[in-house]
Amino acid sequence: MKALSIRNLTKTYANGNQALKGIDLSVDAGDFYALLGPNGAGKTTAIGIVTSLVNKSSGEVEIFGHNIDRDIEAAKICIGLVPQEINLNLWEGVQDIVMNQAGYYGLGRKLAHERTEKYLRALRLWDRRKDVARSLSGGMKRRLMIARALVHEPRLLMLDEPTAGVDIEIRRSMWNFLTEINNAGTTIILTTHYLEEAESLCRHVAIIDDGTIIEDARMSTVLRKLQREVFVLSLSQALEQAPTLDGFETRVLPDCELEVAIGPGHTLNELFQQLSERHIDVVSLRNKANRLEELFMRLVQNNQGDGEEAA
Ligand code: ADP
């Protein structure tokens, strides 16, 4: 069973912006799927169409077999949405917000109460149930939006940049929570800027760039394309020029740092051995945090390369 099936979906906004140029996506029930891409790629537009907030220009969308053109109410019931922007009524109480959403989906009062308590507890907001949303921290507001999206227990949860601006501790606890509900059977699709987030959570990933899907594969397959890893080494002494190392590209950075790209088949051990032979002392090392950009660049280049060959 497909949780989501999108065929040849296009969106051109009234100002002529072509946000989606004919995308196809297919998400299995039970999957944890990432829609990854740079700013302006079209991720929010795609989510907006699936959740009926944005009208598509053309194409087909089915949610658990319900076509959004013919069966919108049935499709909507299957979905819970956590939008990117905080869209809570800030003057409303925390518990009331979730209860009202339950009412919107037609849950009886008793069930609405049970579910509200269940999700507010799960998202560590039960103690704050009487407070108005305005008094919550940014991370709590985001968790409240997740509780609100889950109260009717949708089969498909869509989250648009769920952890943007959320600190690392809360981000990790949200990841754990999402993993739990996915394990319990909810299909999850999220958009993110962070490769690390997709890598930690998702089994499949579609990468979207400029309104086009440029990759749609298992996470492990996509990560294998990133064979070249880049590290930044902090050295005890500054180097005047980059050392020439066999199997590694090097570049001198300011502040006694050296950037090293490790090609396929080469190891950190070899790198350290060669550095030590040259009496270069390494104090610490970190992974260069641009793997996502590197992945985009690689995929976009490959795509352009394919296009040129085909032309
Ligand atoms: P993402 O979520 O990947 O950052 P969006 O779907 O928000 O991308 O945007 C895709 C493109 O559509 C961008 O060029 C953006 O400027 C444009 N866009 C988004 N919303 C609107 C709108 N309401 N009117 C016109 N253009 C829009």
Quiz item: In region 1-82, which strands (runs of 3 or more DSSP E) lie fully inside it and hold 3 or more residues that are surrounded by 14 or more Cβ atoms within 10 Å (Cβ to Cβ) and more than 16 Å from the ligand (Cβ to nearest atom)?
Solution: 2-12, 18-28, 58-63
Quiz prompt | Of all residues making up region 82-123, the number that are modelled with pLDDT of 95 or more, closer than 17 Å to Ser137 by Cβ and either touching a Phe, Trp or Tyr at 6+ places or on another chain (Cβ under 7 Å) or β-branched (Val, Ile, Thr) (or both) | solution = 4
Exercise. Report the residue count in region 202-221 for those that are crowded, with 21+ Cβ neighbours inside 10 Å and either touching a Ser or Thr at 6+ places or on another chain (Cβ under 6 Å) or within 20 Å of Glu180 (Cα to Cα) (or both).
Key: 3
Quiz item: What residue, among those in region 175-194 that are in a helix (DSSP H, G or I) and out of contact with any Phe, Trp or Tyr (no Cβ under 9 Å at 6 or more places or on another chain), is nearest to the ligand (Cβ to nearest atom)?
Solution: Trp175
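State yes or no: is Ile280 in a loop (DSSP other than H, G, I, E, B) and aliphatic (A, V, I, L, M)? Walk me through it before giving the result.
Working: in a loop (DSSP other than H, G, I, E, B): yes; aliphatic (A, V, I, L, M): yes.
Yes, satisfied.
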Exercise. Examine region 237-260 for a residue that is at pLDDT below 85 and in contact with a strand residue (DSSP E or B) (Cβ under 7 Å, 6 or more places away or on another chain), and state whether such a residue exists.
Key: no
Quiz item: Among the residues of region 88-108, how many are within 24 Å of Ala74 (Cβ to Cβ) and either surrounded by fewer than 20 Cβ atoms within 10 Å (Cβ to Cβ) or not hydrophobic (A, V, I, L, M, F, W, C) (or both)?
Solution: 8
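State yes or no: is Ser200 under 19 Å from the mean Cα position of the chain (by Cα) and hydroxyl-bearing (Ser, Thr, Tyr)? Walk me through how you get there before you give the answer.
Working: under 19 Å from the mean Cα position of the chain (by Cα): yes; hydroxyl-bearing (Ser, Thr, Tyr): yes.
Yes: the conditions hold for Ser200.
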Quiz prompt | Criterion (within 12 Å of Ala34 (Cβ to Cβ) and small (Gly, Ala, Ser)) met by exactly one of Ala198, Ala164 | solution = Ala198
Quiz prompt | Test for Met140: is it assigned to a helix (DSSP H, G or I) and of a type in the set (A, V, I, L, M) | solution = yes
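Scan region 207-230 for residues that are closer than 13 Å to Asp24 by Cβ and β-branched (Val, Ile, Thr) and report the count. Lay out the reasoning, then the answer.
Applying the first criterion (closer than 13 Å to Asp24 by Cβ) to region 207-230 yields 208, 211-216.
Restricting the remaining residues to those that are β-branched (Val, Ile, Thr) gives 208, 212-214.
Qualifying residue count for the region: 4.
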Exercise. Could you list all residues from region 143-174 that are part of a helix (DSSP H, G or I), modelled with pLDDT under 95 and touching a helix residue (DSSP H, G or I) at 6+ places or on another chain (Cβ under 6 Å)?
Key: Ile170
Quiz item: Can you tell me which residues in region 187-225 are touching a residue at least 60 places away in the same chain (Cβ under 8 Å) and of a type in the set (S, T, N, Q)?
Solution: Thr187, Thr191, Thr192, Thr212
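Of the residues that make up region 109-127, is at least one under 30 Å from Gly40 (Cβ atoms) and in a helix (DSSP H, G or I)?
There is no residue in region 109-127 that is under 30 Å from Gly40 (Cβ atoms) and in a helix (DSSP H, G or I).
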Practice problem: Looking only at region 73-92, count how many residues are in contact with a strand residue (DSSP E or B) (Cβ under 8 Å, 6 or more places away or on another chain) and aliphatic (A, V, I, L, M). | Solution: 6
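The values are calculated or read from the model by the stated rules, or taken from the named source; none is laboratory data. Here the structure is a predicted model, which means the values were calculated and not measured. When we count neighbours, we look across all protein chains shown, and the Cβ atoms used for this are built from the backbone with ideal geometry, even at glycine.
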